[in-house]
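Working notes, beginning with the structure itself.
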Amino acid sequence: MKKWFAILSVMAIILVLAGCGSSDDTSSASGSSGDVKKIIVGTGTQFKNVCFIDENGNLTGFDVELIKELDKRLPQYEFEFKTMDFGNLLLSLDAGKIDLVSHQMEKNPEREAKYLFNKNPYSIFLNRVAVAKDNNSIHSIDDLKGKKVLTSPTSNAAYVLKEYNKTHGGALNIVYTSGAANDTVQQITSGRIDATITTDFANRFNTDEKGEVALKTVGDPLTQSDVLYVLNKNEQGLADDLDKAIQEVKDDGTLSKLSIKWLGEDFTKSLEDVKKEGSSSKK
């Protein structure tokens, strides 16, 4: 009898230990998944090739596919998209409804005072002079002396033009507008305005009534505009991790491939890179 009691006691202990082991394993797995931080990424659906709904009803584009790539390289995070109108992105970031804005955003003093930006740009757009396609007399910003140059008052282009005037005796006649791209095209192609400042990427949207690109960019790049992610001020850790992952996709060529696929060109080269390439080609 004592023998059977001893056997039953041992079996009971084994079952208890097994149960404890099973409980510990579950706790460990739960803790592991708990270490993954969900990041809600705000983006849009109306920016062709950048963030849009394709013919199959899927959200895709350069900004979307890049986030998916970064997600693979940052196992400590799980990125989830939340789409909305462009005008609501920063408002949603303010309200805590999203953690990150991905929509080809650039820094300006007003935004920088309120939000945190990562440091490593995932797109770089170079500002150049743009003129009518049949204009063969303007080849650089120096050819615009005494001529009318159209820009919006708070744009990066306006800053470039004002800085040029400071060092060139007010040589440019800066004309300000808040009009749409087609208004810019109309004013330049009609001859009322001589030029504007834009990027090669943005210039493809300067189309005429036939839908054809109506302007051309000329001369060397003047400045660069960095495209970055926008976060709340308390997300420095996430910003740093994004910077590391962006550098990885730059170093292995993934970012360049995504840019060419979705944007039509490699928009990952800095102004310094372009100048170096230009110097090398002249040797």
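The values are calculated or read from the model by the stated rules, or taken from the named source; none is laboratory data. Computed from a predicted model, the values in this text were never measured in an experiment. Here the Cβ is made from the backbone with ideal geometry for all residues, glycine too, and neighbour counts use every protein chain on show. Accessible surface areas use protein heavy atoms only, side chains included; no ligands, DNA or RNA. Shrake-Rupley method; radii C 1.70, N 1.55, O 1.52, S 1.80 Å.
Observations, loosely collected:
- For the criterion of being in a helix (DSSP H, G or I), loosely packed, with under 15 Cβ neighbours inside 10 Å, under 27 Å from the mean Cα position of the chain (by Cα) and of a type outside the set (A, V, I, L, M, F, W, C), LYS166 fails.
- Pairs where the first residue, in the range 118-146, is on the phi < 0 side of the Ramachandran plot and the second is of a type outside the set (Lys, Arg) and open to solvent by 70 Å² or more (accessible area, probe 1.4 Å), C-beta under 8 Å, 6+ apart: ASN120/GLN247; ARG128/ASP220; ALA132/THR189; SER140/ASP220; ASP143/SER137; LYS145/HIS168
- Every listed requirement among (1) at pLDDT 95 or above; (2) surrounded by fewer than 19 Cβ atoms within 10 Å (Cβ to Cβ) is met by ILE193 save one, (2).
- Members of the range 74-85 found to be within 13 Å of VAL36 (Cα to Cα), surrounded by 14 or more Cβ atoms within 10 Å (Cβ to Cβ) and not hydrophobic (A, V, I, L, M, F, W, C), listed by number: TYR77
- Any hit, the range 233-241, residues being open to solvent by less than 10 Å² (accessible area, probe 1.4 Å) and touching a helix residue (DSSP H, G or I) at 6+ places or on another chain (Cβ under 7 Å): no
- Residues that are open to solvent by 40 Å² or more (accessible area, probe 1.4 Å) and of a type in the set (A, V, I, L, M, F, W, C), drawn from the range 91-108: LEU91, ALA95
- Qualifying residue in the range 37-45 (condition: closer than 23 Å to LEU116 by Cα, modelled with pLDDT under 95, open to solvent by 60 Å² or more (accessible area, probe 1.4 Å) and not small (Gly, Ala, Ser)): no
- Some residue of the range 264-278 being closer than 24 Å to ILE98 by Cβ and either out of contact with any His (no Cβ under 6 Å at 6 or more places or on another chain) or surrounded by 12 or more Cβ atoms within 10 Å (Cβ to Cβ) (or both): no
- Any hit, the range 174-185, residues being surrounded by fewer than 16 Cβ atoms within 10 Å (Cβ to Cβ), touching a strand residue (DSSP E or B) at 6+ places or on another chain (Cβ under 7 Å) and aromatic (Phe, Trp, Tyr): yes
- Single residue of the range 109-147 satisfying the filter (assigned to a strand (DSSP E or B) and not aliphatic (A, V, I, L, M)) that is most open to solvent (accessible area, probe 1.4 Å): ARG128
- Which numbered condition ASP200 fails, given (1) within 21 Å of SER137 (Cα to Cα); (2) of a type outside the set (Val, Ile, Thr); (3) out of contact with any strand residue (DSSP E or B) (no Cβ under 8 Å at 6 or more places or on another chain): (3)
- When LYS107, LYS72, LYS48 are checked against the criterion of being more than 16 Å from the chain's Cα centre (by Cα) and among the basic types (Lys, Arg), LYS72 stands alone in meeting it.
- Applying the condition of being among the small types (Gly, Ala, Ser) and assigned to a strand (DSSP E or B) to the range 204-228 and asking which residue is modelled with the highest pLDDT yields GLY219.
- Tabulated pairs, the range 89-109, first on the phi > 0 side of the Ramachandran plot, second small (Gly, Ala, Ser), C-beta under 9 angstrom, 6+ apart or interchain: GLN104/SER123
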